[in-house]
Amino acid sequence: MENKDTIFLQRIAYLVYGYQQQSLTETEQAELEAWLQAAQENRVFFDQLTDTAILQRRLQQYRHFDANAGWEIFRDRHYPAAAKGRLRYIYYKWAAAAAVLLLLGTGIYLSRRSTTRPVSPVVINTAPILPGSAKAVLTLADGSTVPLDSNASQVIAQQGSVVKLNNGQLQYSATHPGSAYSLNTLTTPRGGQFRLTLPDGTRVWLNAASAITYPTAFSHDKREVSVKGEAYFEVAGEPQRPFRVNTDHQTTIDVLGTSFNVNAYPDEQGIATTLIHGAVKVNNGHASRVLLPGQQARITSPDQIGIITHADTTAILAWKREAFYFHDADIPTVMRQLARWYDVNIVYAGNIPARRFQGEIQRRLPLSDVLEGLETTGVHFRVQGRNIIVEP
């Protein structure tokens, strides 16, 4: 189990990173402000973390940085109480990880649960496999499609709404709310993600290999969309028009005004709904449960809904801040996420190695860097085209 101080540091790192990326929700922004106001040393620490000159100097120093010794110094200086616990930081990998470790007190660390084996080099393509980006396909009601990316800007006029594409975001504005409407579908490929503002002002973040179908204008009495894959919602509060999200397997999520994450990938174990703020009711046709903030509903069978009372929201929302976060994750869990983001196929040669991973990795890194870090735990990879072969 992770030390509580470790979890706290990870949370602060997440909030500071989100502040720098301008991706914090209103609730997260309030949490960061509360931490800054709690003590003057927090404000001083925050100013150091966001000073460009300091960041550049620390990155230049990384090549000669002793990660284990650096963590001990950082921990003793800023959080001396944490020194009493047994914090296991066995591996820190590559410059991006060390920057987060050194400056935010957390970062990439991969916990090893078995005997270390010699590390073999990763076989890399001549052309590197790059991370995903903001890209999607918009399917209009007439079946026509519009490719979208982060560089394009355009206006798409259709019945009942005007659609604007700008800076990797798709924004709808209803011309006649409650009038006749049509359905649109926004689909991200593997290696893509996108942001969307619905006609009512609800904001949606769509993860890789996902899709959302929605009307171009909502009716007077309800708002309803359908999701495949993974999406994060910040629903505009309109009590007179309840908001409903439909997924596969007859699962629905009813909300008024709230923020939550839905993971409904077909290759994951069931459907997971995690509430960040507000209240939602999850229904699978046989049972229904109302969630409180910080809780997660998991549907793995048709007749019951499991509840996790203290969900790890830092891990669950890592994709939204462009990171992977692994908490005691096995190799198939890790590789499913890599496959979706880097658009690669995973092949297992022989038995799947019994390894567990823990830590955070930026999704902006080339795949070769990620695999190199994973190999320090004794797992071996070969890259052939867009196939990643995992060897024991």
- Message: So, in the range 374-389, exactly how many residues are within 15 Å of residue 129 (Cβ to Cβ) and either out of contact with any Lys or Arg (no Cβ under 9 Å at 6 or more places or on another chain) or crowded, with 21+ Cβ neighbours inside 10 Å (or both)?
- Response: 9
- Result of the Cβ filter at 9 Å on the range 151-175, keeping first residues that are surrounded by 12 or more Cβ atoms within 10 Å (Cβ to Cβ) and of a type in the set (Phe, Trp, Tyr) and partners that are modelled with pLDDT of 70 or more and outside any strand (DSSP E or B), at least 6 apart or interchain, is 172/198; 172/199; 172/200; 172/216; 172/217
- Look through the range 1-58, keep the residues that are among the polar types (S, T, N, Q), more than 20 Å from residue 203 (Cβ to Cβ) and open to solvent by 50 Å² or more (accessible area, probe 1.4 Å), and return whichever of them is modelled with the highest pLDDT. 37
- Residue identified as out of contact with any helix residue (DSSP H, G or I) (no Cβ under 6 Å at 6 or more places or on another chain), open to solvent by less than 40 Å² (accessible area, probe 1.4 Å) and at pLDDT below 95 among 255, 262: 255
- Go through 299, 307 for me and flag whichever is touching a His at 6+ places or on another chain (Cβ under 8 Å), at pLDDT 85 or above and not in a helix (DSSP H, G or I). 299
- Message: If the requirement is being of a type in the set (A, V, I, L, M, F, W, C) and without any contact (Cβ under 8 Å) to a residue 60 or more places away in the chain, which of these qualifies: 206, 292?
- Response: 292
- Query: Across the range 295-311, what is the total count of residues that are free of Cβ contacts under 8 Å to residues at least 40 places away in the same chain and in contact with a Ser or Thr (Cβ under 9 Å, 6 or more places away or on another chain)?
  - Reply: 8
- residue 370, sole failed condition from (1) touching a Leu at 6+ places or on another chain (Cβ under 7 Å); (2) assigned to a strand (DSSP E or B): (2)
- Message: Here is a check on your reading of the model: is residue 321 open to solvent by 20 Å² or more (accessible area, probe 1.4 Å), in contact (Cβ under 8 Å) with a residue 24 or more places away in the chain and either among the basic types (Lys, Arg) or at positive phi (or both)?
- Response: no
- Message: Condition (residue is open to solvent by less than 50 Å² (accessible area, probe 1.4 Å), within 22 Å of residue 295 (Cβ to Cβ) and not in a loop (DSSP other than H, G, I, E, B)) applied to the range 177-198: is it met by at least one residue?
- Response: no
- Counting only residues in the range 174-209 that are out of contact with any Phe, Trp or Tyr (no Cβ under 8 Å at 6 or more places or on another chain) and of a type in the set (Gly, Ala, Ser), the one modelled with the highest pLDDT is identified as 192
- Could you count how many residues in the range 327-346 are surrounded by 20 or more Cβ atoms within 10 Å (Cβ to Cβ) and among the charged types (D, E, K, R)? 1
- Message: For the structure I just gave you, tell me whether residue 320 is closer than 28 Å to residue 132 by Cβ and not small (Gly, Ala, Ser).
- Response: yes
- Looking at residue 222, is it open to solvent by 30 Å² or more (accessible area, probe 1.4 Å) and out of contact with any Ser or Thr (no Cβ under 9 Å at 6 or more places or on another chain)? yes
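The values are calculated or read from the model by the stated rules, or taken from the named source; none is laboratory data. All values derive from a computational prediction rather than experimental measurement. Here Cβ is always computed from backbone atoms with ideal geometry, including for glycine, and neighbour counts include all displayed protein chains. Remember, those area values only see protein heavy atoms, side chains included, never the ligands or the DNA or RNA. Shrake-Rupley method; radii C 1.70, N 1.55, O 1.52, S 1.80 Å.
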